[in-house]
Amino acid sequence: MAIAAPSRISGLLEQTNLFTSEQIEDLMVKHREGDRAITDLVIDLGLARDDVFLKALAEAMSIPFIRLNAQPIDKTALEKLPTKAVFQHNVIPVGIEGHILRVATHDPFIPNLIDTLRIASGMKVRLALSPANDIGKAAKDFYGVGADTFDKMMQDSRIEVTPEDDITKDDLSELDQEASVVKFVNQIIWEAHKDRATDIHLEPQEMDLRIRYRVDGVLHAIPVPPQLKRFQAAIISRIKVMANMDIAEKRLPQDGRISLRVQGDEIDVRVSTMPTVYGESVSLRLLMRSSGMIGLDKLGMQERDKSMLLKLITRPHGILLVTGPTGSGKSTSLYAWLHTINSTDLRILTIEDPIEYEMAGVNQIQVRAEIGMTFAVGLRHILRQDPDVIMVGEIRDKETAEIAIRAALTGHLVFSTLHTNDAAGAVTRLIDMGIEPFLVASSVEGLVAQRLVRRLCSSCKRPREIDEAFLRSVAFPMERLNEGTIYEPVGCEECRGTGFRGRTGVYELIVINDYIRPMIVNRESSTAIKNEALRRGMHTLRDDGWAKVLNGTTTIEEVIRVSEEDEALTEE
């Protein structure tokens, strides 16, 4: 970027009254040497917040300062500038004033910016200042993710797509890596990573191709360019090539895997395709290898439960099961347990499908059912490898359950998962699989049920007015109101307007003790086992949720969303 009138820039910086003369001189030197925008330098050097600086600069330049999240944008104005110009210069048209197009920018010092925009729009142009994040978000909302690349796709005659064109042939991987479809797919994944999404879903509809991200457990439709449906075959074929799938096979479901590096982070992407009425639906699960390396302290357990769990995972033998539906964080908990006990004097082996996070010092085995490497087969051979601790990704069948129990009874500590609604339900599930109750009672040491709730954004949450009628309707324990403050979400830039940022777990933990073992042997119901655990001091999922509501971690609605109302303790 060429330097625009240094003396003029220095004068405007001085008029903001935000900087000393030494700071202005330092900014100008760095601006010349690094070829970087003044606004970016001010923020990176910590001299001022972008909104504070731009507001003062706008006043010095006698032009408006606007926040795009608080001001409606004229859709007619959006059509006046080509998408390429919007994304190339990080600007966005915000309105038309007579014959003048008002354009928001975060860097008014780009040389010849007004002339470039005047030629592109065919109108006189006047600038306004707005933070870069506001402009980027508004451009994505109005033009769609990857809109600049989509523009190129529309202009590229080679990608005037019919389902069997060049882009769906086997030589796609040899195309120039800057090819528009390649870049568009990369942008979709990159945006998902920035938004902390765990899943990307490309869902063909009759008239369009819908793209949704799952962020903090909730699906959000993302804006996409119009006419994206035209490039559906090309986009899906590109993803299938990346995942080493058969791009010619469109009638059968397929699974694949992509390994990526994004800003230094290793990401594994599990890809699944499924034929639907309007084309193949594609789901991508983003697995951050580094994000699983957490300890018990970061799971969000209450101190009492954490202390009990620590005793369980350091026992010499037995089975410890974590239960919950898909996406409830069971794998993260298993990795946290392993991370906590991982040491040079323990031989730890795992068998997983897939290996979600790689752990140093742990011997991890990938299930490959297509060649006969199932959980049961792998587990049988693991027992010959002199393990101390075994982690089984999931107990899916009687054979795997039997081998896991045999391992526990012969002096091994076994961690695994089951799909049940609560902790006590794991006992019934094992017995239903065909495991003898006395084997369950003698091998299982502890049961954990968990769900994930969204964390309130610490930057914008606010205290909530107490509505006693509502609290009673959701069976909130009114006697606990004095234990803390109930908050509600608001929405800000930090949380992208959702009011939530990140997730934490709610848990219930049953320790299989001498009171519960006879109940298992006698085949008593999971309700009876749960009631006995409650008598012995167990916290239910909802109890734990209410505690997190009162300490300001989450909301009442989040707890209700992920947990069932606890039934009253029944008398035996």
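The values are calculated or read from the model by the stated rules, or taken from the named source; none is laboratory data. For clarity, every value in this text was computed on a predicted model and none was experimentally measured. Positions of Cβ are backbone-derived with ideal geometry, glycine not excepted, and every protein chain shown enters the neighbour counts. Just so you know, the surface numbers come from the protein's heavy atoms only, side chains and all, with ligands and any DNA or RNA stripped out. Shrake-Rupley method; radii C 1.70, N 1.55, O 1.52, S 1.80 Å.
Some points to look at:
- A search for C-beta distances below 8 Å between a residue of segment 525-540 that is closer than 12 Å to ALA426 by Cα and modelled with pLDDT of 95 or more and any residue that is of a type in the set (Gly, Ala, Ser) and open to solvent by 10 Å² or more (accessible area, probe 1.4 Å), counting only pairs 6+ apart in sequence or on different chains, returns nothing.
- Meeting the requirement of 1 or more residues that are closer than 30 Å to ARG315 by Cα and not small (Gly, Ala, Ser), the helices (runs of 4 or more DSSP H) wholly within segment 457-548 are 517-521, 526-535.
- Among the residues of segment 123-161, those that are modelled with pLDDT of 55 or more and basic (Lys, Arg) comprise LYS124, ARG126, LYS137, LYS140, LYS152.
- Checking each residue in segment 513-567 for being surrounded by fewer than 21 Cβ atoms within 10 Å (Cβ to Cβ) and of a type in the set (Asp, Glu) picks out ASP514, GLU524, GLU532, ASP543, GLU557, GLU564, GLU565, ASP566, GLU567.
- All of ARG67, ARG49 fail the test of being in contact (Cβ under 8 Å) with a residue 40 or more places away in the chain and either exposed (fewer than 15 other Cβ atoms within 10 Å of the Cβ) or farther than 30 Å from LYS30 by Cα (or both), apart from ARG67.
- Here ARG429 fits the description: under 34 Å from the mean Cα position of the chain (by Cα), open to solvent by 10 Å² or more (accessible area, probe 1.4 Å) and not acidic (Asp, Glu).
- Counting only helices (runs of 4 or more DSSP H) that fall entirely inside segment 365-435 and contain at least 2 residues that are out of contact with any Ser or Thr (no Cβ under 8 Å at 6 or more places or on another chain) and more than 25 Å from THR527 (Cα to Cα), the qualifying elements are 375-382, 398-409.
- Among the residues listed as LEU349, LEU321, LEU284, LEU296, the single one being touching a strand residue (DSSP E or B) at 6+ places or on another chain (Cβ under 7 Å), under 30 Å from ASN551 (Cα atoms) and open to solvent by less than 60 Å² (accessible area, probe 1.4 Å): LEU321
- Sub-8 Å Cβ pairs linking a first residue in segment 330-356 that is in a strand (DSSP E or B) to a second residue that is of a type in the set (D, E, K, R) and open to solvent by 20 Å² or more (accessible area, probe 1.4 Å), at least 6 apart or interchain, are ILE348/ASP388, ordered by first then second residue.
- Qualifying residues in segment 12-46 (those that are more than 16 Å from THR105 (Cα to Cα) and among the β-branched types (Val, Ile, Thr)) - the one most open to solvent (accessible area, probe 1.4 Å): THR20
- Sole exception among (1) in contact (Cβ under 8 Å) with a residue 60 or more places away in the chain; (2) of a type in the set (S, T, N, Q); (3) surrounded by fewer than 18 Cβ atoms within 10 Å (Cβ to Cβ); (4) not in a strand (DSSP E or B) for SER237, by number: (3)
- Count - residues of segment 212-270 that are on the phi > 0 side of the Ramachandran plot and in contact with a strand residue (DSSP E or B) (Cβ under 7 Å, 6 or more places away or on another chain): 3
- Evaluating PRO93 against the criteria (1) open to solvent by 70 Å² or more (accessible area, probe 1.4 Å); (2) within 19 Å of PRO225 (Cβ to Cβ); (3) of a type outside the set (Ser, Thr, Tyr) leaves one unmet condition, (1).
- Within segment 406-431, the residues that satisfy the criterion of being within 23 Å of GLY327 (Cβ to Cβ) and not hydrophobic (A, V, I, L, M, F, W, C) are SER416, THR417, HIS419, THR420, ASN421, ASP422, GLY425, THR428, ARG429.
- Any pair with Cβ under 7 angstrom, 6 or more apart, that starts in segment 424-436 at a residue that is on the phi > 0 side of the Ramachandran plot and ends at one that is crowded, with 20+ Cβ neighbours inside 10 Å: none
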